[in-house]
Amino acid sequence: MLIFKLPDNDKFFSVDNTSDVNVSFVSFDTKTILDFKGNIKEISRNDIEDLNVSPKSKSSFIEIAKETLESYALKISQAKDFIEKNELKKLVLSRRKLLMYLDIDAQKKLSMTKSFLKFCESYPSAFCYLFEKNGEIWMGGFSEVLGKFNKRNNSFETMSVAGTVPVEENWTDKEIEEQKTVTDYIQSILKKFSSDLKVSSTKDMISGNIKHLKTDFSAEISPESLDKIISELHPTPAVCGFPKELCAQGIKSIEHFNREFYAGYIKVETEDFIYYFVNLRCASFFKNYAFLFVGGGITLKSDPHKEWDETELKSLAIQNNLVFE
Ligand SMILES: C=C(O[C@@H]1C=C(C(=O)O)C=C[C@H]1O)C(=O)O
């Protein structure tokens with residue numbers, strides 16, 4: 001079962017039972033690819049409400065302790081040591097926030113479909129999805145596009161999104177430098193594949209209670225180079241760091257959990273476009289709890305309290321839209 005909504009589009013979509021694959025979820029490490037077979041077709045709000053999506057129990061959850069500010073601060077200091085030792089500009093560290101439903105509403109049951117509909121309403125410009133497959137349930141959605149390829153005119157668009165502060169706060173050098181690392185990286189790759197690269201000015205991108213810095217890119221590319229561009233772009237320094245292989249190793253040794261689909265991407269092929277959405281603001285759901293995956297760019301200027309607050313604010317994208325009934 002898969003339902004999703006495209007950015008700035010009110011319609012909901014699902015896939016039918018034909019053999020084509022038009023939607024695939026690629027894990028952060030690209031080792032797992034979850035294909036959804038079928039042509040993309042519209043699905044009504046009523047049909048979504050009638051779907052039965054019930055999270056399964058998983059016995060191992062008792063062993064998982066809740067991350068605290070103190071334990072995350074320790075990981076941030078390890079990330080800083082790694083950055084210093086390897087002379088990096090940034091590394092993206094994340095946490096898997098354990099959310100127990102009992103802590104929210106002990107009397108009621110989580111409705112996945114109503115939560116999905118509420119989430120979509122809260123983030124109209126995001127790609128939002130809910131899937132259940134092989135006993136796993138994931139929901140997520142964000143407006144960061146890793147790639148959008150127009151099959152008619154071969155234009156390719158992507159964006160550099162990074163730096164996070166609460167909506168009412170001002171940018172500091174830390175966020176500006178962080179986002180520039182992503183912009184420079186994307187630019188260096190696209191230049192290899194296109195001679196007419198266009199780069200926009202950098203603007204604010206508001207996402208609920210927080211804002212990010214965003215620069216848009218567009219270029220004409222040859223369709224044969226699309227897969228190569230995506231594999232070179234992912235994971236960008238918005239979700240990993242630069243150089244990416246070294247940062248991915250650092251992340252693995254510091255985070256101590258599998259990111260799974262978090263910070264991976266979702267490929268969606270329609271008649272006219274091939275989209276690649278960055279899989280952020282997402283969570284996996286079980287019977288009594290959910291894992292909310294949230295992270296942020298760490299630099300030598302990072303303040304552990306601010307980084308913790310940033311992940312808390314990011315986790316509200318999912319948490320504030322859960323519906324218990
Ligand atoms: C890593 C996440 O978000 C990414 C990292 C950001 C940052 O470091 O400021 C901002 C937006 C995203 O590109 C996340 O939401 O978990």
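Computed from the Cα positions only, the extents of the chain along the three principal axes stand at 52, 49, 37 Å, in decreasing order. For the pair segment 1-56 and segment 279-316, the centres of their Cα atoms are 24 angstrom apart. Normalised by the number of residues in segment 104-181, the average gap of Cα pairs under 8 Å and 6 or more apart makes the relative contact order 16 percent.
Net charge near residue 152: determine it from the other residues with C-beta under 10 Å of the C-beta of residue 152, scoring Lys and Arg +1 and Asp and Glu -1. Please report the intermediate quantities before stating the final value.
On the way: positive: 151; negative: 271, 272.
Once all neighbours under 10 Å are counted, the net charge is -1.
Magnitude of the charge dipole for the chain, about its Cα centre and with charges confined to Cβ atoms of Lys, Arg (+1) and Asp, Glu (-1), is about 420 debye.
Peptides 91-102, 215-226, ordered by how many other C-beta atoms sit within 10 Å of their residues on average, highest first, read 91-102, 215-226. Placing +1 on the Cβ of every Lys and Arg and -1 on the Cβ of every Asp and Glu, with no other charges, gives segment 120-195 a dipole of roughly 700 debye about its Cα centre. Taking other C-beta atoms within 10 angstrom as a stand-in for reagent exposure, 23, 268 fall in the order 268, 23, fewest first. Multiplying the residue separation of residue 19 and residue 201 by 0.36 nm and removing their Cα-Cα distance gives an extension gain of 61.3 nm. The Cα center of segment 131-193 and the Cα center of segment 249-266 differ in position by 17 Å. Mean residue ellipticity at 222 nm, helices only, the chain: -9000 deg cm²/dmol; runs of at least 4 DSSP H residues each add -39,500 (n - 2.57), and the sum is divided by the number of residues.
In the P(r) worked out for segment 220-325, what percent of Cα pairs fall beyond 23 Å? List each step's numbers first, then the result.
Numbers: 2265 of 5565 pairs.
Of all Cα-Cα distances in segment 220-325, 41 percent exceed 23 Å.
When +1 charges are put on Lys and Arg Cβ atoms and -1 charges on Asp and Glu Cβ atoms, the dipole computed for segment 223-283 relative to its Cα centre reaches about 380 debye.
Taking amide H positions as modeled 1.01 Å from N, with prolines and chain starts lacking one, the residues under 5 Å from residue 279 and 5 or more places away or on another chain are 263, 264, 265, 266. Dividing the alpha-carbon radius of gyration of segment 123-194 by the rule-of-thumb value 2.2 N^0.38 Å gives 1.46.
Rg ratio for segment 165-291: its Cα radius of gyration over 2.2 N^0.38 Å, N being its residue count, equals 1.19.
Taking packing as the residue-averaged number of other Cβ atoms within 10 angstrom, the listed peptides 227-233, 51-57, 179-185 run from highest to lowest as 179-185, 227-233, 51-57.
Name the GluC sites (Glu not before Pro) in segment 4-80 that are in a loop by DSSP and that have at most 16 other C-beta atoms within 10 Å, would you? Display every interim value, and only then the final one.
On the way: sites: 42, 49, 63, 67, 70; in loops: 67.
Taking segment 4-80 and a limit of 16 other Cβ atoms within 10 Å, the loop GluC sites (Glu not before Pro) found are 67.
Report the equivalent ellipsoid semi-axes for segment 23-83 in whole Å, largest first, defined as the square roots of five times the eigenvalues of the gyration tensor built from alpha carbon atoms. Write out the running numbers ahead of the final one.
Working: eigenvalues 271, 81, 34 Å².
Gyration-tensor ellipsoid for segment 23-83: 37, 20, 13 Å.
Taking the charge dipole of segment 179-237 about its Cα centre, with +1 at Lys and Arg Cβ atoms and -1 at Asp and Glu Cβ atoms, the residue from 188, 223, 205 reaching farthest to the positive side is 205. Put in line by how crowded their Cβ is, counting other Cβ atoms within 10 Å and starting with the fewest, 308, 171, 138 read 171, 308, 138. Partner lysines whose Cα lies under 22 Å from the Cα of residue 41, excluding those fewer than 8 positions away in the same chain, are identified as 5, 11, 114, 118, 133, 148, 151, 267.
Each value in this text was obtained by applying a stated rule to the coordinates, not by laboratory testing. None of the values given here were measured: they were computed from a predicted structure. Glycine gets a Cβ as well: all are built from the backbone with ideal geometry, and neighbour counts include every protein chain shown.
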